[in-house]
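Novice: The structure that follows is given in the form of structure tokens.
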Amino acid sequence: MIIFYLVRHGEAENNVRSILNSLPEIKTYPLTKRGMEQISKTAKFLATVDAAALFSSPIERTKETAEIIADATGLLVEFDERLREAGMGIFNGRKQAELLEKYGDPQMRISPDPADGVESFIEVRGRLKSFLDEVKKKYTGKKVVVVSHGDTLEQLHGTLTNEAPGRSAIGWYPRRGSCTEVVWEF
């Protein structure tokens, strides 16, 4: 068993402007003042849980989020590309409405149009499985904080709770700056 604390980054400039931002980062978007306040509250809570590790996506808004948590908890941040935002392909750097126009039903992203270069939720799960396999070896019986993005956390949550990718795509979704505890029984 591992207890995970799934943290979505705080509000960032790209959220306010409804711009999709995945790797490669065409432009970096820092947290807003509101986003820093959201994460400060989350960090105070996480300082009380005695976590053994703190992992984060390497994208700017998650890096800033993780650093605020690290300051509060004393944990070192381990940046891991497998926790990055779902790849947005041709929609990276563009308005979210453009992606939603084509992929209005989130379940469509289980098998997106290959011409768009959008990372499928199946591919996201593949990289998350690799991450979880490593965490399981080192942190069984412990608590782990993961800082990531909405779609990635949605699929990680689904993996931890044995929910299929399509079901995860229409189920739980983290709010910006939120922290959700999930017990992973294996």
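Novice: Given the convex hull of the Cα atoms of the range 112-151, what is a quarter of its surface area in nm²? Could the numbers behind the result be given before it?
Specialist: Working: hull surface 14.0 nm².
In nm², the orientation-averaged hull projection of the range 112-151 is 3.5.
Novice: For the residue pair Asp71 and Arg167, what label-to-label distance in nm results when each label sits 7 Å from Cα along the Cα-to-beta-carbon direction?
Specialist: Result: 4.1 nm between the two label points.
Novice: For helix 121-139, report the angle its Cα long axis makes with the longest principal axis of the Cα atoms of the chain; keep it between 0 and 90° and round to the nearest 10°.
Specialist: Between the helix axis and the principal axis of the chain, the angle is about 10 degrees.
Novice: I've got another one for you. What's the extension gain from Glu37 to Ala52 if we count 0.36 nm per residue and subtract their Cα-Cα distance?
Specialist: Going from the current span to full extension adds 3.0 nm.
Novice: Using the alpha-carbon atoms, what tilt in degrees (0 to 90, nearest 10) does helix 33-46 show relative to the longest principal axis of the chain?
Specialist: Relative to the chain, helix 33-46 is tipped by roughly 40 degrees.
Novice: Once the Cα atoms of helix 60-73 and of the chain are each reduced to a long axis, what angle between those two axes, in degrees from 0 to 90 to the nearest 10, is obtained?
Specialist: Orientation of helix 60-73: about 10 degrees from the principal axis.
Novice: Next question, about the same structure. In whole angstrom, how long is each semi-axis of the equivalent ellipsoid of the chain, when you take the square root of 5 times every eigenvalue of its Cα gyration tensor and sort them from largest down? Before the final figure, lay out each step's value.
Specialist: Details: eigenvalues 127, 81, 34 Å².
The equivalent ellipsoid of the chain has semi-axes of 25, 20, 13 Å.
Novice: Cα gyration tensor of the range 46-114, axes a ≥ b ≥ c as square roots of the eigenvalues: rounded (a/c below 1.5), prolate (a/b > b/c) or oblate?
Specialist: Working: a/c = 2.97, a/b = 2.66, b/c = 1.12.
It comes out prolate by the Cα gyration axes.
Novice: Could you provide, to the nearest whole Å², the per residue accessible area of the range 83-122 with probe 1.4 Å?
Specialist: Details: 2030 Å² over 40 residues.
Ligands and nucleic acids excluded, the result is 51 Å² per residue.
Novice: Here is a further query. Taking the alpha-carbon centroid of each part, what is the distance from the range 120-148 to the range 1-41 in angstrom?
Specialist: Between the Cα centres of the range 120-148 and the range 1-41 lies a distance of 19 Å.
Novice: Right, something else. Cross-link candidates for Lys129: which lysines have Cα within less than 22 Å, leaving aside residues fewer than 8 places away along the same chain?
Specialist: Lys63, Lys137, Lys138, Lys142, Lys143
Novice: With springs only between Cα atoms under 10 Å, which of Ile39, Ile69, Ile19 fluctuates most in a Gaussian network model of the chain?
Specialist: Among Ile39, Ile69, Ile19, the largest mean-square fluctuation in the Gaussian network model of the chain belongs to Ile19.
Novice: Under a point-charge model restricted to the Cβ atoms of Lys and Arg (+1) and Asp and Glu (-1), what is the dipole moment magnitude of the range 87-158 relative to its Cα centre, in debye to the nearest 20?
Specialist: Numbers: 12 positive and 11 negative charges, 123 e Å.
My answer is approximately 600 debye.
The values are calculated or read from the model by the stated rules, or taken from the named source; none is laboratory data. Small disclaimer: the values here were computed from a predicted structure and weren't measured. When we count neighbours, we look across all protein chains shown, and the Cβ atoms used for this are built from the backbone with ideal geometry, even at glycine. Note: accessible area is taken over every heavy atom of the protein model, side chains too, but ligands, DNA and RNA are not part of it. Shrake-Rupley method; radii C 1.70, N 1.55, O 1.52, S 1.80 Å.
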